[in-house]
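Below is one structure, written out as structure tokens, with a few remarks after it.
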Amino acid sequence: MIKSNASLDMESKSSTLVNEFAPKRPFLERFERWEWILVALIIIVVILNSRLSPYFLDAQNLSRTSSGFMEIGILMLPMVFIIISGNIDLSVASNLGMSASLMGLLFNLGVNIWVAAFAAILLGTCGGLLNGYLIARVKLPSLVVTLGTYAFYRGLAYVFLGDQAARDYPEAFTYLGQGKLPGTLLPFSVALFVVLAIIFGLVLHKTTFGRYLFAIGNNQEAAIYSGVPVARIKIMLFTLSGFISSLVALVLAARFGSTRPDIGTGLELTVITAVVLGGINIRGGFGTMIGAALSLILIGLVRFGMGLVSIQGQVQGVVIGMLLILSILLPSIFREIFASGLRANRNSILSVLAITALFVMFFIFFFWSRATPLIPGS
Amino acid sequence: MNLKNAFVNRSNFLPAIARFRETGISIFILLLIVAVTLRNPSFLTADNFTDILLNISILVIVALAQAMVIITRGIDLSVSSMIGLVAMMTAFFANQYPDMPIFIIVLLGMALGAILGMFNGLIISYGKVPPIIATLGTLSIYRGLIFFYSQGTWINPFELPKDLKLLTKGTMLGLPNAVICAIVVALIVYYFLNHTRPGRDIYAVGSNPEAAEYSGIRTKRVIFLVYLISGIACGLAAVMWVSRYEAAQTNTAQGFELQTVAAGVVGGVNISGGVGTVPGVLLGTFLLGIIENSLPLLHISPFWQLAAQGLLILIAVVSDSFISRSVQRKE
């Protein structure tokens, strides 16, 4: 009874916090929810995709693709928490690589796969704990710390496995990444994602802990003064992120059936893109789990569609990168226009024209000197 | 009042860190040199040191630009992709026009880099996209464009004109051209940061953006400028990269962004802005170069290199924070 009272009290406190310190968002408020825009985009992409290829709406195909995308989805869940609290974790993919490589190394040395998997989870969790400690106790910015561990953890992955690979995992283990729930087409990893997403969503939106995250993201100082245990929460967040990274390491290694030290390289980019595109404020304090899930589906469908019309994976990076930038740039531009109207004078028009001309020149040169396919090096 | 206090405080204790850092890292480098030489005397030879300098010359140029970006509280993660893209484009151009004078290729590289850097600068300063997100995005955009541009092909050593290959390798005054180029760039950046108005504005914007705005500095322009400079530096670095490694591949310079950040941060450039010196960055780069060079001499697996870089970044930022806290306490 007392406890629930306290938490209720806390809740009302942090909600006033949120109201007082929330940045003004006239445009987003008018449009109401970013989520509806995402739903509309998803519908458009589904229609486009099914036009592009008859293989799109094939259950087998969808199930295979979605299982390949769930690693990003699971990694995204703690990232949502971290970004809402105003931090960032660049080391998730490296932590994943480090844990998977340790497991591979131990497995190659003849250790039982489940013991190796346990060691991997332990290492990944410790990796997250180190991040959290440096950020919360030594009070370093999360960007720098995780940039350092981004290199350090990936480096350790190379130290563990070098130019070796681990393969031939037992079937019971590969089920984690390749198996389907008995009697259905639903891959195990999708089920895992759905369960975790519901738990994370409930924690974010229905508990005091979730409220604290928004409070910290909106105004850390105010959160500290109103009694939020900021340092402890940050340590918990990054430890959780490390734990999830190592969990995904198992799923990914199981799906590939092998581990190389470069496993999962660059995943952090897609993960952060998914979070930001989900309408979660990169500066913290605002966002929903549903938005993140929708943007994950959107990105998955876009990539799937590009795969259907055989666009190379690396070129897909152009689209993902554009999505990332536009999802922040467009609301910010609209907000500016809604807030102050267009103030065009001669100088600004001239500079816009000059800049456009430069970009046009760049792309003319780009396409003019571009390689013609199939003739190597010309 | 508050603002003014913050300004004064920072300007008092932050240079103290930088000074401390430069002596600290110098001592560390000396100890490292002694230790490596004791294990393997072939480390301390003129040839080997020329080798180290040649290896870090490209890094110096980009790390100095990265340092300017970090001083304004930003970060440019897209440098590696800019180098890769410009390297590919200039290599194709040089391959198609082997008789083109070399300075035109260098200018072309810098112009292409400038346009890429300008894109970063625009979305960050005028579009208000956080630097980390913007450059993470362009990191993958520019890298994707390399594949789109090259169609999966690459440029081999025999396809490049000889002049271009000699650009970095010729020697002047007993030093390779690349090293001389890096020294010239370092001198220019030193003069720019310490003795010109835009250079001082970069520090002002990084120390306290609001105060800078109130004192009449056009912060947006300054921020745009540093990303533009970063692009130009990457363009120059790209041409040097093609010349030095005699090839342009789709994965050219991948992961290089980390080294540029590491060099700056290890050399005392504070990631929260406002602090950083050219000598510091040079020392940081030199330290990275020594570590890279000495690992094989000590028979340590080259796979340790990345881990060592990451660890160095962590040690540097942790020690920075302890130093700045103790300096603050003294005041």
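Every number in this text was worked out from the coordinates using simple rules, so none of it is lab data. Everything numeric in this text was worked out from a predicted model, so none of it was measured. Cβ sites come from the backbone with ideal geometry, for glycine too, and all protein chains shown count toward neighbours.
Overview of results
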{"read-out": "Charge-dipole axis of the range A:146-241 as Lys and Arg at +1 and Asp and Glu at -1 on Cβ define it, positive-most pick from A:T184, A:A157, A:F209", "value": "A:F209"}
{"read-out": "Directionally averaged shadow of the range A:137-253, computed from the convex hull of its alpha-carbon atoms, nm²", "value": "10.2 nm²"}
{"read-out": "Kyte-Doolittle mean at least 0.5, axial Cα span of 20 Å or more - DSSP H helices of chain A", "value": "A:34-52, A:59-84, A:92-108, A:113-136, A:142-161, A:188-206, A:230-256, A:289-308, A:313-340, A:346-368"}
{"read-out": "Semi-axis lengths, Å, the protein assembly as shown, gyration tensor of Cα atoms, sqrt of 5 times eigenvalues", "value": "38, 32, 29"}
{"read-out": "Gap separating the Cα centres of the range A:243-270 and the range B:230-269, nearest whole Å", "value": "27 Å"}
{"read-out": "Simple Cβ-charge dipole of the range A:2-346, Lys/Arg +1 and Asp/Glu -1, about Cα centre, in debye nearest 20", "value": "580 debye"}
{"read-out": "Pairs from A:K139/B:K128; A:K180/A:K234; A:K180/A:K206 whose Cα-Cα separation, in the structure shown, is over 29 Å", "value": "A:K180/A:K234; A:K180/A:K206"}
{"read-out": "Charged-residue dipole, Cβ positions (Lys, Arg, Asp, Glu), the range A:136-221 about Cα centre, Debye nearest 20", "value": "320 debye"}
{"read-out": "Total charge dipole magnitude, the range B:123-262, about the Cα centre, Cβ charges on Lys, Arg, Asp, Glu only, Debye to nearest 20", "value": "160 debye"}
{"read-out": "Environment charge at A:F256 (Cβ cut-off 11 Å; Lys +1, Arg +1, Asp -1, Glu -1)", "value": "+2"}
{"read-out": "Contact order relative to length of chain B, as percent, for alpha carbon pairs under 8 angstrom and 6 or more apart", "value": "34 percent"}
{"read-out": "Rg to Rh quotient for the range B:45-253, alpha carbon positions, Kirkwood Rh", "value": "1.00"}
{"read-out": "For q = 0.13 Å⁻¹, Debye-computed log10 I/I(0) when each Cα of the range A:241-378 counts as one equal scatterer", "value": "-0.88"}
{"read-out": "Inter-centroid distance (Cα atoms) of the range B:24-99 relative to the range A:201-228, Å", "value": "43 Å"}
{"read-out": "Selection from A:L147, A:I325, A:I43 lying farthest towards where the dipole of chain A points positive, charges on Cβ", "value": "A:I325"}
{"read-out": "Within a Gaussian network of chain A (alpha carbon springs, distance under 10 Å), most fluctuating of A:L330, A:L122, A:L161", "value": "A:L330"}
{"read-out": "Span from the the range B:118-179 Cα centroid across to the the range A:67-100 one, whole angstrom", "value": "29 Å"}
{"read-out": "Estimated vicinal HN-Hα couplings, Hz - the range B:147-160 in sequence order (Karplus 6.51, -1.76, 1.60; Gly, Pro = x)", "value": "5, 5, 6, 8, 6, x, 8, 8, 9, 8, x, 6, 8, 9"}
{"read-out": "Debye equation applied to the C-alpha atoms of chain A, log10 I(q)/I(0) at 0.10 Å⁻¹", "value": "-0.75"}
{"read-out": "Sorted by Cβ density within 10 Å, fewest first, the residues A:M70, B:M100", "value": "B:M100, A:M70"}
{"read-out": "Footprinting exposure proxy for A:V115, B:V317 (fewest neighbouring C-beta atoms within 10 Å first)", "value": "A:V115, B:V317"}
{"read-out": "Which of A:H205, B:H299 has the fewest Cβ neighbours within 10 Å, and the rest in rising order", "value": "B:H299, A:H205"}
{"read-out": "Sequence-distant residues sharing a close amide H with A:G179 (under 5 Å, placed H)", "value": "A:F188"}
{"read-out": "Under-5 Å amide H pairs with A:F286, H placed in peptide plane, nonlocal only", "value": "A:N281"}
{"read-out": "Chain A - percent relative contact order, Cα under 8 Å, separation 6 or more", "value": "29 percent"}
